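Inspection log for the structure reproduced underneath, given as structure tokens.
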Amino acid sequence: MRLLHKLPSPDIDRGSKAMVCFDWKSERSCEEFDGEKAKKLQRTEKRHDSGGLGLYNNQPTVVGGWENEGEVETLTKEGWIPLPPHPKIISYTYVVSMPSGSMLTVGGLDYKSWEKLYQIFCLSKNQWSKIGILTKAVDEPTAILIGDFIYIFPGYTDDYESWIQRVNLDSEENFISSAVIAEQKVNNRGPVLFLSPFNYCST
């Protein structure tokens with residue numbers, strides 16, 4: 001299942017609703033959720049369960065998925081329309097929405113070769129390019145953008161060696177470097193990340 005929180009879109013009020021998409025039983029379905037009830041949205045043209053969901057040019061956009069050839073779709077007033085396919089036959093990636101309107105995919109799994117991915121790809125001006133590589137390959141990660149840094153928390157690993165990484169970008173969103181900053185001996189499939197004030201839960 002994929003979630004977009006506080007997203008602007010043709011069907012969703014800015015900041016007041018969330019978009020929930022693509023579980024195993026509804027691989028083409030999306031719903032909007034206002035905190036109390038859900039309403040179905042238009043179905044995608046392709047199957048995207050285990051794909052990545054984010055914003056591209058301020059529009060909800062989905063990348064790849066299980067039994068998917070790397071297809072990309074974005075939601076407009078006319079419904080879901082195709083964008084250029086991802087360079088990899090990708091699933092289990094994480095999409096990072098950038099302030100410029102571009103979109104990054106971080107890690108993931110090549111569905112054809114079963115290779116865990118190191119690459120960071122960028123979709124900008126309807127063109128994909130590889131902009132950098134991670135220090136460690138990640139599968140089913142979650143990432144969060146804070147300033148000029150992207151923090152990547154790993155998902156599933158066979159050996160339970162999960163490396164937390166940080167990617168450094170410049171002011172124009174170009175890749176500078178990546179580094180391992182911590183390790184955790186646990187598998188977390190698609191961990192959920194929040195940005196909160198320091199000591200928010202302290203008494």
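Where a number appears in this text, it was derived from the coordinates with a stated rule and is not lab data. Just so it is clear, the structure is predicted and the values come from calculations on it, not from any experiment. Glycine also receives a Cβ, built like all others from the backbone with ideal geometry; neighbour counts cover every protein chain displayed.
With a Förster radius of 30 Å, plug the Cβ-Cβ distance of Phe149 and Arg43 into 1/(1 + (r/R0)^6) and report the FRET value to the nearest 0.05. Spell out each step's value before the answer.
Numbers: r = 36 Å, r/R0 = 1.19.
That gives a FRET efficiency of 0.25.
Straight-line reach from Lys136: which lysines have a Cα under 25 Å away, not including same-chain ones fewer than 8 places off?
Correct list for Lys136: Lys88, Lys112, Lys116, Lys185.
Looking at the chain as a GNM with Cα springs under 10 Å, which of Val96, Val186, Val62 has the largest mean-square fluctuation?
Val186
Taking a Cβ-Cβ separation under 4.7 Å as the criterion for a possible partner, which cysteines of the chain have none?
Lone cysteines by the Cβ rule: Cys122, Cys201.
At a Förster distance of 22 Å, what's the computed FRET efficiency of Val186 paired with Lys112, Cβ-Cβ distance as r, to 0.05? Working shown, then result.
Values: r = 29 Å, r/R0 = 1.30.
The formula returns an efficiency of 0.15 here.
Got the relative contact order for segment 2-140 handy, in percent, Cα pairs under 8 Å and 6 or more residues apart? Intermediate values should be presented prior to the final figure.
Values: 372 pairs, mean separation 21.1, N = 139.
Normalised by residue count, the contact order of segment 2-140 is 15 percent.
Highest GNM mean-square fluctuation, the chain, Cα pairs closer than 10 Å: which of Ile131, Ile150, Ile181?
Ile181
Give the residue from Tyr200, Ser178, Ser113 lying farthest towards the positive end of the charge dipole for the chain; charges sit on Cβ (+1 for Lys and Arg, -1 for Asp and Glu) and the dipole is referred to the Cα centre.
Tyr200
Take Glu69, project a point 7 Å from its Cα along the Cβ direction, then tell me which residues of segment 103-125 have their backbone nitrogen under 16 Å from it.
111-113
Counting other beta carbons within 10 Å of each Cβ, put Phe149, Phe194 in order, fewest first. Don't skip to the answer; put the middle values down first.
Details: Phe149 13, Phe194 7.
The most exposed by this proxy come first: Phe194, Phe149.
Quick one: length gained pulling Lys130 to Glu172 fully straight, 0.36 nm per residue minus the C-alpha distance? All intermediate terms of the calculation are to be shown ahead of the outcome.
Values: separation 42, 0.36 × 42 = 15.12 nm, distance 1.54 nm.
Here the answer is 13.6 nm.
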